[in-house]
Every structure is written in C-alpha cells, then in structure tokens.
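This report concerns only the one structure given below.
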Amino acid sequence: MAPPAPGALLLLLLLHLAASSKLNTPKVLLPFTRGTRVNFTLEASEGCYRWSSTRPEVASIEPLGQDGCRCSRTALVQARSSQPTRLTTIISAEDTLTGQVLRCDAIVDLIHGIQVVSTTRELYLEDSPLELKIHALDSEGNTFSTLAGLVFDWTVVKDPEADGFSDSHSAL
C-alpha cells in the first residue's frame, strides 16, 4: 500500500486544526454605561483570524497584536450601545488559513442588580483586609462577563441590627 499523498496529510492537518479551534467564550454580556467603555478580550485557541461585528454600534471589535497578515488570535470587544435597552450583535472570527468561522454573541444590557461577594459577611476593624468582589446581574439574573473599567464608590456603615452583639463596637 502506498503512503498517503502530502496533499492529503495537509488536508487532514487543516481539518484537525479547524475542528479544535474555539473561542474562550460563546457569549459575552457587557453592561450598558453612558460614560465608561467596558471591554472584554476574546481569544481563539488556534489560528489567525479576521474579526467583525454585525452591529458595531452595539459592540465593536478590535483585533489585538496583528501581524503583517492583518489577522489576530485575540480581539477586544467594546460595549458601544447608546440605548439603555438590551441589544445583541454577533462577533465573527474567520480563520485566514482554513476559512473556519467562530462566533460569539455579544449582549449589551442594563445592570439590574449588584452582589458583593466575599468569604464572610462580617468585617472587623482589627482583621486583615478582605477581598470583596462585585457581580452585576441583568434583569434575567445573568452575570455580566466583566465590570472592568467601572468605578464603584464604597461606604462603610454600621448595621443598626448589630447593636445586640457584645463585640459590635469593632464590627464594620
């Protein structure tokens, strides 16, 4: 039996690469804001891609680290919507070698609620600093992909219901 032709091996290699390529996420949920542009980085696992958005007025896409071929493995999605309502666009990434198209739905929506996440609900003055994380939710309870760039003002207030505790003088 004759060995496989070099063209057939190349085709198999391209099919393998195309089948294994994917984006780091199939959907991106970005918050609507009037002043701050919120960004999210999309990344393909393999290949070099040309990026596009079906509705750049909702969310634009900018390739990062382009080489001379005008393609990139990563791109920056930026929420651009000027309307305070849920809007969607499709981000496409076309592999310049294989023609394979990867897709990501980019949704821009209003923040409906905020959750502060920590390892405990009580903070004491003498304790070491505790990391607090903010998760924002849309009206359907979906968590936004990122809040990077948004500024939050924090205020520490005493809980009036905490007066009954013996060590409440040191609780925040």
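Among the residues of the range 44-58, write down those that are at pLDDT 95 or above and over 12 Å from Ser92 (Cα atoms).
Glu57, Val58
Of everything in the range 128-153 that's exposed (fewer than 12 other Cβ atoms within 10 Å of the Cβ) and among the charged types (D, E, K, R), which residue is farthest from Ser45 (Cα to Cα)?
Asp153
Under 8 Å by Cβ, and 6 or more places apart or on different chains, what pairs join a residue from the range 124-152 that is among the small types (Gly, Ala, Ser) with one that is part of a loop (DSSP other than H, G, I, E, B) and modelled with pLDDT under 95?
Gly149/Thr36; Gly149/Arg37
The values are calculated or read from the model by the stated rules, or taken from the named source; none is laboratory data. Since the model is a prediction, treat every value here as computed from it, not as a measurement. When we count neighbours, we look across all protein chains shown, and the Cβ atoms used for this are built from the backbone with ideal geometry, even at glycine.
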